[in-house]
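Participant: Dropping the structure in here first, questions after.
The values are calculated or read from the model by the stated rules, or taken from the named source; none is laboratory data. The structure displayed is predicted, hence computed values, not measured ones. Here the Cβ positions follow ideal geometry from the backbone for every residue, glycine too, while neighbour counts run over all protein chains shown. Heads up: the accessible areas ignore ligands, DNA and RNA and are worked out on the full protein's heavy atoms, side chains in. Shrake-Rupley method; radii C 1.70, N 1.55, O 1.52, S 1.80 Å.
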Amino acid sequence: QVQLVESGGGSVQAGGSLTLSCRASISHLCMGWFRQAPGKEREGVAGFDSDGSTTYADSVKGRFTISKDNAKNTLYLQMNSLKPEDTAIYYCAAVKIPSSIYDVSFWLRFGYWGQGTQVTVSS
């Protein structure tokens, strides 16, 4: 079974940076990051597709960078220029529905989740 464990969350002032990490139980997974703010639905933040390409939410483009270390089964999210609107629980995610199923959108393919790590950005 896929197990995902996030770390690196915390509190930071607006304009600051944080880097999140996610260790996966198995390698060669298509992985990404989601977040959920209080009272809001979970939304996709950044993710890898099966061909190695990356997809970012419009709200984080230019500020967040997703990367991975396959040898360590670890996913990262570098978050720069943080805003109070970025405050949320951030979840590591892995794809459950393969990309060969073409009628499923990118974000909806993710179906495995970590426990989440809190990111709080103060004004």
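Participant: Just need a number here: residues in region 22-44 that are within 13 Å of G114 (Cβ to Cβ) and either open to solvent by less than 30 Å² (accessible area, probe 1.4 Å) or acidic (D, E) (or both).
Facilitator: 7
Participant: Output the number of residues of region 64-75 satisfying the condition of being within 14 Å of the chain's Cα centre (by Cα) and either part of a loop (DSSP other than H, G, I, E, B) or not hydroxyl-bearing (S, T, Y) (or both).
Facilitator: Here the count works out to 4.
Participant: If you don't mind, another one. Looking at Q115, Q78, which is the one that is modelled with pLDDT of 95 or more and assigned to a loop (DSSP other than H, G, I, E, B)?
Facilitator: Only one candidate qualifies: Q115.
Participant: Take the residues in region 45-62 that are of a type in the set (A, V, I, L, M, F, W, C) and in a loop (DSSP other than H, G, I, E, B); name whichever of them is least open to solvent (accessible area, probe 1.4 Å).
Facilitator: At the first step, the residues of region 45-62 found to be of a type in the set (A, V, I, L, M, F, W, C) are 45-46, 48, 57, 60.
So of that shortlist, the ones also in a loop (DSSP other than H, G, I, E, B) come out as 57, 60.
Values: A57: 17, V60: 1 Å².
Looking at residues that are of a type in the set (A, V, I, L, M, F, W, C) and in a loop (DSSP other than H, G, I, E, B), I get V60.
Participant: Out of region 66-101, which residues are acidic (D, E) and open to solvent by less than 40 Å² (accessible area, probe 1.4 Å)?
Facilitator: D86
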